[in-house]
Structures are given as structure tokens and as C-alpha cells.
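To start, the structure under review is shown below, and the notes come after it.
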Amino acid sequence: LCGNAFNDEECLVGHRQRIRWMAWSPDGTYLASCSDDRRILVWDMRTGKAREPLIGHKGHIYGLAWSPDGRRLASCSEDRSVRIWDVPGGRLLSTLLGHNGQIYSVAWSPRASLLASCGFDRTVRLWDVVSEKERFVLQGHSGPVYSVVWSPDGHTLASASSDTTIRLWDSDTSKQQR
């Protein structure tokens, strides 16, 4: 991760393999990055230094999402897990299992209690973060699902797939809207 001049003094150096995703904390203080090195680095943008790596995934890490309060970070991986991290404490809070293949994207609802994930198994899963339980499995795509994103009010989830469709889901009922 380098600045405009692309010299070492303006780079954030720490990963050992390809970097797959980055996400800013809601207040802009931290930048999280994940990599094929199976580590998450959380960079303090005031100092340019990385905190201790978040380690636990057994495969490449594909996506990251901050909780609305900026205290937790969700990650997803080819190891078929979603992990939720306590960023200030630098520790793993929970591991969510249910997908039958690589997980490509995670998105935290603005309502804070729901997390969405999607992946190779052609599903979107909604997780209740408080109970650490799967709330809904959303099915309808005919190919791997690569991206999920919430509406600003947190009631609608959009998913995008290799089947060339974007589907809209009601997060309260799990019904497809379009």
C-alpha cells in the first residue's frame, strides 16, 4: 500500500502475499487489509504502523467489513468461515460456519446485529451477530455469489453473482424483492 510517489517511505508494508481487500474503519482511524498470507493487518493511519496481526483463518482471506461502531471486524475466507474480531483487544470473538465453499464477501448491516456473507456455494447467509447463529440462507442465484451490500436503512440486501444477476432481499423476511 503506497502513496502517490510509490517509494518505500510512503508505503504500508507488512503482508507477505497478494492483498485481496481493504476496508476503512467508520471513523477513518484504521485501515484493515487482508491477504493470501492468511493474516489481517489493522493499520493505525495516525502512525502508519500495523497492530498485531489477526490470525486464525486457514486459507486466503477474501473480504473484510467493519461493524458500524468500528470495534469489530468481520472477515471471510476460502476456509469456509466468517470470523468476527475484537479490534481493540486484538482477539477472535467468534467463528461462523455454514457455507459449503469459499466465502467471497461480508457486509455488516447498518443495524449492527446482522452480518451478510456470500460465496461459491451460490448462497447468501444472514447471521445474527449477537447469538452467533445463522438467521437465513438466501437462495436464488445459479452461480457463485461474489458481493453483498446493504441499503442505508439496513432492511434490503443486494447480492451479485456470476450468473449476471443482482438480487434484492428483504432482511426481515428473507424474501427476494426482485
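Descriptive notes on the structure:
- Largest to smallest in accessible area, the residues 22, 45 fall in the order 22, 45 (1.4 Å probe, all protein chains included).
- What the range 85-178 shows is 47 Å² of accessible area per residue, with the surface traced by a 1.4 Å probe over protein heavy atoms.
- Residue 175 exposes around 130 Å² of accessible area when a 1.4 Å probe is run over every protein chain in place.
- Note on residue 55 and residue 128: their simple-model spin labels are 3.5 nm apart, each label 7 Å out from Cα toward Cβ.
- By accessible area with a 1.4 Å probe, ligands and nucleic acids excluded, highest first: order of 36, 170: 170, 36
- Semi-axis lengths, largest first, of the ellipsoid equivalent to the range 44-178 are 25, 16, 13 Å, with √(5λ) applied to each eigenvalue of the Cα gyration tensor.
- Inverse of mean 1/r across different Cα pairs in the range 38-81, Kirkwood, Å: 11.4 Å
- Each Cα pair under 8 Å and six or more residues apart adds its separation to the average, and for the chain the resulting relative contact order is 11 percent.
- Subtracting the Cα-Cα distance of residue 47 and residue 92 from 0.36 nm times their residue separation leaves 13.8 nm of extension gain.
- At the residue level, residue 164 shows approximately 130 square angstrom of accessible surface with a 1.4 angstrom probe and all protein chains present.
The values are calculated or read from the model by the stated rules, or taken from the named source; none is laboratory data. Worth saying up front: this structure is predicted, and the values here are computed from it rather than measured. Positions of Cβ are backbone-derived with ideal geometry, glycine not excepted, and every protein chain shown enters the neighbour counts. The protein model used for the area step is the full one, side chains on, heavy atoms only, and it has no ligands, DNA or RNA in it. Shrake-Rupley method; radii C 1.70, N 1.55, O 1.52, S 1.80 Å.
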